Every structure is written in C-alpha cells, then in structure tokens.
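K.L.:
Sending over a structure as structure tokens; questions will come in a sec.
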Amino acid sequence: MEKITTIDSTAIPIMRDNIDTDILIPKQFLKNILKTGYGKNLFYDWRYEKPNKPNPDFILNKPERQGAEILISGENFGCGSSREHAVWALKDWGFRVVIAGGYSDIFYMNSTKNGLLAIILPKDEREFLAQAPADAKITVDLPNQEVRYAGKTFHFDIDPLWKHKFVNGLDDIGITMNYEQQIEDYEAKIPSFN
C-alpha cells in the first residue's frame, strides 16, 4: 500500500448525498478481478452522455480538474452494495482522499484496506473546501490529522491503527510480513508427516 502522510492537491467537489457504489462503478463494469482499469468508468452514468461520449458539463471531464487527488462530497458516501470495485475505481482515477460527511461501514473498511483515506468533516467545512478554485491546493496532513486551505485548519479523527497503516504504507499482508521470521520459526517446529 502506498504511504500517505501529507497530500497537497487540487480537489473535485461532488456535493451530493447518498452517492452509492453503483453510481461510483456500475455493475456492468465489475468483470475485471484486477484492481486497475476501473477509473475510466468511475461515475459512468453521470460522466458520459452515451457510450464513450463524455458529458462536458460533468466535473470529472473538465480539463482544469484533471489530476485532482481529493474528492469532496456529501453525506453517506459509498452506500449501497458492498462492492470493493468502487474503491478501486476511485483509486484508479487518481483519488487518494475522499472527504465526506459519513460513509457506509463496508465502503469505509474497503477504503482503509485499499489505501484510500476516507475523512469525515462537517458540512460547513466541506462546503468551504468545495468552493476552492480548480487550481487551488488543499493540504491533507495525516500525521497531524488536519485539512488546511486558505488559512483555515479542520481537524479530523481517525483510528490510531488505521493512521499507523496509512502513514507506514502497510496493508494486512504487509503487517503479516513483519512477522515473517516468527512464522518461519513456528513452521520449522511443525513435525513433518511425509
């Protein structure tokens, strides 16, 4: 998993509540078992007028919004089905952080396990951040648990274990590999039945 400490990036605001996983990545695109290739279909039904014809009015299609690593949104982000593909699509598009008013439990866990930092901020703070111009940088400082923009600082909470994992770039496999020698020592003591 890629480490996240401080991210300075432009942002994309999609200030809608209840954006579900089918909006993030529709069911017809769930055929791939890899974690890549989903970004082109992120927000597919909003992003395209018809197949392969981008909607020029949708914010992800605007040239000045390309390269943003922060998504700012409404309440109950990632609700609906438990598809992990929704997180894969956000990451594949280039998002590293989502700032919302809340998340479905399954989406939040899928995010943490896949290296997408899901931050909860109150509505007034999100609305302030959403007003940032397309070229303005917002800072997400995970060690200090702060989001900073235009002289304002907003604190966010995160479980200390997840913070440790993000800051050190550790997923569950990476943590297990920290115990590789102990695992090998244990396995060496298991009798062979050959």
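K.L.:
Here is a list: 113, 152. Which entry is of a type in the set (D, E, K, R) and modelled with pLDDT of 95 or more?
P.N.:
Just one listed residue meets the conditions, 152.
K.L.:
Under the condition of being assigned to a helix (DSSP H, G or I) and modelled with pLDDT under 95, which residue from the range 29-44 is farthest from residue 85 (Cα to Cα)?
P.N.:
So the first thing to find is which residues in the range 29-44 are assigned to a helix (DSSP H, G or I), and the list is 29, 39-41, 44.
Right, trim to modelled with pLDDT under 95 and you get 29, 39-41.
Working: 29: 9, 39: 10, 40: 13, 41: 11 Å.
Here the answer is 40.
K.L.:
Residues that are touching a strand residue (DSSP E or B) at 6+ places or on another chain (Cβ under 9 Å) and either surrounded by 11 or more Cβ atoms within 10 Å (Cβ to Cβ) or hydroxyl-bearing (Ser, Thr, Tyr) (or both): does the range 167-186 have at least one?
P.N.:
Within the range 167-186, none of the residues are touching a strand residue (DSSP E or B) at 6+ places or on another chain (Cβ under 9 Å) and either surrounded by 11 or more Cβ atoms within 10 Å (Cβ to Cβ) or hydroxyl-bearing (Ser, Thr, Tyr) (or both).
K.L.:
Another question, then. Out of 107, 128, which single residue is touching a strand residue (DSSP E or B) at 6+ places or on another chain (Cβ under 9 Å), of a type in the set (Phe, Trp, Tyr), within 27 Å of residue 21 (Cα to Cα) and buried (at least 19 other Cβ atoms within 10 Å of the Cβ)? So that I can check it myself, show each step before the final result.
P.N.:
Details: 128 fails: buried (at least 19 other Cβ atoms within 10 Å of the Cβ).
The unique qualifying residue is 107.
K.L.:
Can you tell me which residue within the range 110-120, out of those that are assigned to a loop (DSSP other than H, G, I, E, B) and not hydrophobic (A, V, I, L, M, F, W, C), is nearest to residue 83 (Cα to Cα)? I'd like the intermediate steps shown before the answer.
P.N.:
From the range 110-120, those assigned to a loop (DSSP other than H, G, I, E, B) are 114-116; that's our starting set.
Next, only the ones that are not hydrophobic (A, V, I, L, M, F, W, C) stay: 114-115.
Values: 114: 13, 115: 16 Å.
The extreme case among them is 114.
K.L.:
Out of the residues in the range 59-83 that are in a loop (DSSP other than H, G, I, E, B), in contact with a Phe, Trp or Tyr (Cβ under 9 Å, 6 or more places away or on another chain) and free of Cβ contacts under 8 Å to residues at least 60 places away in the same chain, which is surrounded by the most Cβ atoms within 10 Å (Cβ to Cβ)?
P.N.:
Result: 78.
K.L.:
State yes or no: is residue 107 part of a helix (DSSP H, G or I), in contact (Cβ under 8 Å) with a residue 40 or more places away in the chain, at negative phi and not β-branched (Val, Ile, Thr)? Give the steps one after another, and end with the answer.
P.N.:
Numbers: part of a helix (DSSP H, G or I): yes; in contact (Cβ under 8 Å) with a residue 40 or more places away in the chain: yes; at negative phi: yes; not β-branched (Val, Ile, Thr): yes.
The answer is yes for residue 107.
K.L.:
Of all residues being in a strand (DSSP E or B), over 17 Å from the mean Cα position of the chain (by Cα) and of a type outside the set (Val, Ile, Thr) in the range 121-159, which is farthest from residue 2 (Cα to Cα)? Just the residue, please.
P.N.:
Looking only at the range 121-159, we keep the residues that are in a strand (DSSP E or B), and these are 138-141, 146-149, 152-155.
Keeping just the survivors that are over 17 Å from the mean Cα position of the chain (by Cα) gives 148-149, 152-155.
If we keep only those that are of a type outside the set (Val, Ile, Thr) as well, we get 148-149, 152, 154-155.
Working: 148: 22, 149: 24, 152: 27, 154: 24, 155: 23 Å.
Selected residue: 152.
K.L.:
In the set 147, 98, 140, which member is free of Cβ contacts under 8 Å to residues at least 40 places away in the same chain, of a type outside the set (Lys, Arg) and in contact with a strand residue (DSSP E or B) (Cβ under 7 Å, 6 or more places away or on another chain)? Even if it seems obvious, please write down each step before you answer.
P.N.:
Numbers: 147 fails: free of Cβ contacts under 8 Å to residues at least 40 places away in the same chain; 140 fails: free of Cβ contacts under 8 Å to residues at least 40 places away in the same chain.
On inspection, the qualifying residue turns out to be 98.
K.L.:
Moving on to the next point. Going by the conditions given, is residue 3 assigned to a loop (DSSP other than H, G, I, E, B) and closer than 22 Å to residue 114 by Cβ?
P.N.:
Working: assigned to a loop (DSSP other than H, G, I, E, B): yes; closer than 22 Å to residue 114 by Cβ: yes.
So residue 3 passes the test.
K.L.:
In the range 19-28, what count of residues is obtained for those that are part of a helix (DSSP H, G or I) and touching a Lys or Arg at 6+ places or on another chain (Cβ under 9 Å)? Reasoning before the result, please.
P.N.:
So in the range 19-28, the residues part of a helix (DSSP H, G or I) come out as 21-24, 27-28.
This time we only want the ones that are touching a Lys or Arg at 6+ places or on another chain (Cβ under 9 Å), so: 21-24, 27.
Here the count works out to 5.
K.L.:
What pairs can you find where one residue is in the range 167-194 and within 21 Å of residue 142 (Cβ to Cβ), the other is among the charged types (D, E, K, R) and surrounded by 10 or more Cβ atoms within 10 Å (Cβ to Cβ), and their Cβ atoms are less than 8 Å apart, with a gap of 6+ or different chains?
P.N.:
167/3; 168/3; 169/3; 171/113; 171/165; 172/113; 175/165
The values are calculated or read from the model by the stated rules, or taken from the named source; none is laboratory data. Owing to the predicted nature of the structure, the values given are computational and were not obtained by experimental measurement. Using ideal geometry, Cβ is built from the backbone for each residue, glycine included, and neighbour counts are taken over all protein chains shown.
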